[in-house]
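A short worksheet on the structure shown next.
The values are calculated or read from the model by the stated rules, or taken from the named source; none is laboratory data. As the structure is a computational prediction, the values presented were derived from the model and not from experiment. Cβ: placed from backbone, ideal geometry, glycine included. Neighbour counts: every protein chain shown.
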Amino acid sequence: MVPNALIETASRPYRAAGRFAWHFASAKLRHDPFFAYILAHGAIPDGARILDLGSGQGLLAAWLIGAHAWHRDNAHLAWPARWPAPPAPRSIHGIDLTPRDVDRARIALREHAARVRFVCDDIRVAPFPQADVVVACDVLHYVDANAQEAVLRRVRASLASGGVLLLRVSDADAGWRASVDRAVDIGMQFARSGRTDGLTVRSEAQWLALLRDLRFTAKIHPMGNGTHAANRLLIARPAD
C-alpha cells in the first residue's frame, strides 16, 4: 500500500501548474501501479541518470524526488517495510511532444531545474543523452512499427554499461482488456493534446522478439488489474 502522504507530497508541486495538473498527478500516482512498482522493487538505482521518454507532465521525476524527500523526513512513520530506500537520481532528462505537458512539468519542478530538464520534442528525432536508466512508459504505441524499432535501437546506444530499459507496453493479445487499454490511451491522448492518432500495438511475444532482435535480454512483469490488466513492464538490459 502506497502511503497517502507520499502521494500528496509528490503531487503537491503541481498545484502551481493548475488544477488539472494537480488532480491528474494525484490520480495517476495513486492508481497507476507503475509508480509503486519502481519503488517497491528498487527498479531505479541510486544516483542514476534517467532518460524519460514521453515524460508528460514529469510525473516520474516528481515521484522520485517526492519519495526521496518524504522518506528522508518521514520513513519512521509509514514507509512500507519491504520497500528499499528510494533512489536520489543524479539527473532526469524528460522528452515529450505536448507543449502544455512540458510547461506543467517545468512549472511544477522548477526548484529542481539543476538536475531535472524537460524538452518539448519528438522521441523519434530528439537527441538521447547517455543514461543509466531509460523509462518508456505507455509511449511507444503512439509511433509506428518502424519508429518503435528505431527508438529502441537508439535507446540501446544511449544506455551506459549496466544500464536498464523500463518499457511499459500493452499486450495486444490480452483480449478485451487490451481493447480497454487502447481506449484509455486514446482518451488520455485527446485530453492531454487534443490528438486522436492511431496506436501501433504488439503482443507480448512480439515485444519480446523485437527486444531480442535488438540484442536486449528482457523479463516481463504484469502491471496489475482492471484497466491496467493488459499492461506489461519489460525490464530489458543490453545483451553482451
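So which of SER11, SER55 is among the hydroxyl-bearing types (Ser, Thr, Tyr), touching a helix residue (DSSP H, G or I) at 6+ places or on another chain (Cβ under 7 Å), modelled with pLDDT of 95 or more and not in a loop (DSSP other than H, G, I, E, B)? So that I can check it myself, show each step before the final result.
Values: SER55 fails: not in a loop (DSSP other than H, G, I, E, B).
None of the others qualify; the one that does is SER11.
Just one of ARG110, ARG115, ARG106 is in contact with a Pro (Cβ under 8 Å, 6 or more places away or on another chain), of a type outside the set (Phe, Trp, Tyr) and modelled with pLDDT of 75 or more; which is it?
Unique residue meeting the criteria: ARG115.
Here are some conditions: (1) free of Cβ contacts under 8 Å to residues at least 40 places away in the same chain; (2) surrounded by fewer than 23 Cβ atoms within 10 Å (Cβ to Cβ). LEU64 meets all but one. Which one does it not meet?
(2)
Taking ALA126 as meeting all but one of (1) surrounded by 15 or more Cβ atoms within 10 Å (Cβ to Cβ); (2) part of a loop (DSSP other than H, G, I, E, B); (3) out of contact with any strand residue (DSSP E or B) (no Cβ under 6 Å at 6 or more places or on another chain), write down the number of the exception.
(3)
Could you grab the pairs with beta carbons closer than 6 Å, sequence gap of 6+ or different chains, first residue in the stretch 71-99 and closer than 17 Å to PRO129 by Cα, second one aromatic (Phe, Trp, Tyr)?
GLY94/PHE118
Within the set of pairs 6+ apart or on separate chains, which have a first residue in the stretch 133-148 that is in contact (Cβ under 8 Å) with a residue 12 or more places away in the chain, a second that is among the acidic types (Asp, Glu), and C-beta atoms under 6 Å apart?
Pairs found: VAL135/ASP52.
Could we say that PRO89 is closer than 22 Å to PHE34 by Cβ and outside any helix (DSSP H, G or I) here?
Answer is yes for this residue.
Hey, does the stretch 26-38 have a residue that's closer than 16 Å to VAL116 by Cα, out of contact with any Asp or Glu (no Cβ under 7 Å at 6 or more places or on another chain), in contact (Cβ under 8 Å) with a residue 40 or more places away in the chain and assigned to a helix (DSSP H, G or I)?
Within the stretch 26-38, the first condition is being closer than 16 Å to VAL116 by Cα, and the residues that meet it are none.
The answer is no; no qualifying residue exists.
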